[in-house]
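The values are calculated or read from the model by the stated rules, or taken from the named source; none is laboratory data. Note that the structure is a prediction, hence the values are computed from the model and not measured. For neighbour counting, all protein chains shown are included, and Cβ atoms are generated from backbone atoms with ideal geometry for every residue, glycine included. Note: areas computed on protein heavy atoms with side chains; ligands, DNA, RNA excluded. Shrake-Rupley method; radii C 1.70, N 1.55, O 1.52, S 1.80 Å.
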Amino acid sequence: LHGAHLGLSASAIGLVVTLVLYCILNYKLLKRMDEHRKREMALRMAIISYLKEKGAETQRAQLIVNEISALESINQEAMYKEKERTPVLWTILGLLPILNLIVMYFLAEFPFDHDKRWHAFTQYTQAACQKLGINIMTPSWSTIKERPNVLLLILTLLFSIVVFVWYYFIIKDLNDHFTAQWRFEDQLMALLR
């Protein structure tokens, strides 16, 4: 009886520790995504403003009108589709059965969709810069591969251990996106100095 009580206590402690770690990981990922979303929105708007000013200054505004239109369209789409997700609220929702899978799915879908928009934005920025005489190179490939998130969701339902693989992909994809964006920003800043 004493051994069963001890085993039950150890299981309860293990469950609490797992839930705490799960909450910390989700909170940090959600907070990181939200801060990045806000920062990138400000960066996109600054790039658009800079290109408009540079176009007017060099009398080449008409040359980049299509690129500016595309950049503004991508920016509007991002602002519409990338809604603020309050990290604390979404972390709490992630504690509830079934809703935790929705949170995981959102965490997994965000990097690919976000990166695809950013990639298009950098391509149009590069095209506008070239027309303005600014030579900037962006990667011609998307940095993040689309993941089979529906399959990962089903596998997680069947085999809970798959959640670790899913988290690995989420963290890797976010880091790959950030690294590619930092390279672009560093190159852009070096050219603007």
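In a solvent-free Debye calculation with one equal scatterer on each Cα, what is log10 I(q)/I(0) for segment 117-158 at q = 0.17, 0.20, 0.23 Å⁻¹, listed in the order of the q values?
Cα-only, vacuum Debye calculation for segment 117-158: -0.57, -0.66, -0.76.
If you compute log10 I(q)/I(0) by the Debye sum over Cα atoms at q = 0.12, 0.15 Å⁻¹ for the structure shown, which of (i) -0.68, -0.93; (ii) -0.69, -1.06; (iii) -0.62, -0.93 do you land on?
(i)
Solvent-accessible area per residue for segment 1-124 at a 1.4 Å probe radius, Å²? Spell out each step's value before the answer.
Working: 7370 Å² over 124 residues.
With the other protein chains kept in place, segment 1-124 gives 59 Å² per residue.
Please compute the alpha carbon radius of gyration of segment 22-75, then divide it by the globular-protein estimate 2.2 N^0.38 Å. Two decimals is fine. Each step should come with its number before you reach the end.
On the way: Rg = 16.5 Å, N = 54, 2.2 N^0.38 = 10.0 Å.
Segment 22-75 yields a ratio of 1.64.
Stretched out fully, how many nm does the piece from GLU57 to LYS38 gain, at 0.36 nm a residue minus the Cα gap?
4.0 nm
Suppose every Lys and Arg Cβ carries +1 and every Asp and Glu Cβ carries -1, with no other charges. What dipole size does the chain come out with about its Cα centre, to the nearest 20 debye?
Working: 21 positive and 18 negative charges, 31 e Å.
Result for the chain is approximately 140 debye, rounded to the nearest 20.
Restricting to DSSP loop positions (anything but H, G, I, E, B) with no more than 16 other Cβ atoms inside 10 Å of their own Cβ, which trypsin sites (Lys or Arg not before Pro) remain in segment 33-128?
Working: sites: ARG37, LYS38, ARG39, ARG44, LYS52, LYS54, ARG60, LYS81, LYS83, ARG85, LYS116, ARG117; in loops: ARG60, LYS83, ARG85.
Counting only loop positions with at most 16 other Cβ atoms within 10 Å, the trypsin sites (Lys or Arg not before Pro) in segment 33-128 are ARG60, LYS83.
At a 1.4 Å probe, what is the % contribution of carbon and sulfur to the accessible area of segment 124-193?
Numbers: 2750 of 4200 Å².
Reported share for carbon and sulfur atoms: 65 percent.
Please give the Cα centre distance for segment 121-183 versus segment 54-94, rounded to the nearest Å.
That distance is 17 Å.
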